[in-house]
Structure formats: structure tokens, C-alpha cells
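Peer 1: Mind having a look at this structure? Questions to follow.
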Amino acid sequence: MLRWSHLSVVIAASLVTLVGCRGESVPGLGRVTGTVTLDGKPVADASVMFEGARSGEPPSLAKTDASGNYELYYSRGHKGATFGEHAVYISTFQAPTDENPKAKPETIPAKYNGKSELKVTVKSGQNKIDFDLKSGGEIIQPEEPETGKKKGKSVTGCA
């Protein structure tokens, strides 16, 4: 299980660098789409991560649109997630960037991200997986990534 301080970095870095630096071999994938709501209202601009179903397997990632809709990507050009049971992490936190120097705080309870209780199974074909989240409970503000890393090197370790 990922630790929360690392989770926000993994989500942010992976969404930014979703460029297919994984090997050319792509496992069988089920297409995954759905909607994320909090107390019945769409959650816009949230990161959705399905952790790899098996050890060592990369996550599948998505970002919700203004209506809370998402579509998972395994890598660039490859939509979906591997078959099997996945832990799911949903977060609204966004670390500061050059374009937006102010961090966007977490608004989703920890039971859906840093201490996620969400698990879903992806099957072959199309999977529509909606998340109707409920407010209440602990909200953890993740630590901002350390600054001072060398520029020019990807956080994910890709070239």
C-alpha cells in the first residue's frame, strides 16, 4: 500500500508524465470510465488512481472533468486498467506548479485517498465504475514535495 506522502507525488508526477515510458509490452486491459461525486455533486479536477492489481504493476490514472467524469489510462495510447482487483485513490490535492504557485488543498476524506478503503475489480471489456463518495471523516493535507530537485530529471525516473 502506498503511503500518503508518496501518493500525491506519484499521482501528480504520473499525470504530468503519462508519456508511455513503460515498456512496449502492454497487458490485457479493461476500459474503465465512470463518475466521481461527493454527496451527490460532481467532483471536478480530481486525480483517480487504480493501483496495479499485481505487485510491481504500474497504476492506471485519470483526471475528472467538470462533470466528475473520468477515463483511466494505463499509458499513453492505452486506455484502461489491468484485470483484477485494484485499490483506488481519489484526491483533489494538487501541489504547486510554475503555472499555479498555490497548492490546491485536499477536500476528499482520507478513507478515499491516503487511507483508502476503495477496492474495485476490473474485467475484460467496458467497465463503468462510479464513485459516490460521502463527506465526513478525516481529511489529510499531504506534504508538498521537496523542492530543490534537479531540473531536467523526471520525478518518475523516465528520461
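We did not get these values from a lab; they are worked out from the coordinates using the rules stated. Everything quoted here is computed from the prediction, not taken from an experiment. No Cβ is skipped: glycine too gets one built from the backbone with ideal geometry, and neighbour counts run over all protein chains shown.
Peer 1: Going down the list Lys79/Lys104; Lys79/Lys123; Lys41/Lys79; Lys79/Lys115; Lys41/Lys115, which pairs span over 20 Å between their C-alpha atoms?
Peer 2: Lys79/Lys104; Lys41/Lys79; Lys79/Lys115; Lys41/Lys115
Peer 1: What does the charge add up to near Thr35, with Lys and Arg as +1, Asp and Glu as -1, over the other residues with Cβ less than 14 Å from its Cβ?
Peer 2: -3
Peer 1: Another question about this same structure. Apply 1/(1 + (r/R0)^6) to the Cβ-Cβ distance of Gln141 and Glu85, taking R0 = 30 Å, and write down the FRET efficiency to the nearest 0.05.
Peer 2: It comes out at approximately 0.55.
Peer 1: If each residue of separation counts as 0.36 nm, what is the full-extension length gain between Lys41 and Ala110 once their alpha-carbon separation is subtracted?
Peer 2: 23.0 nm
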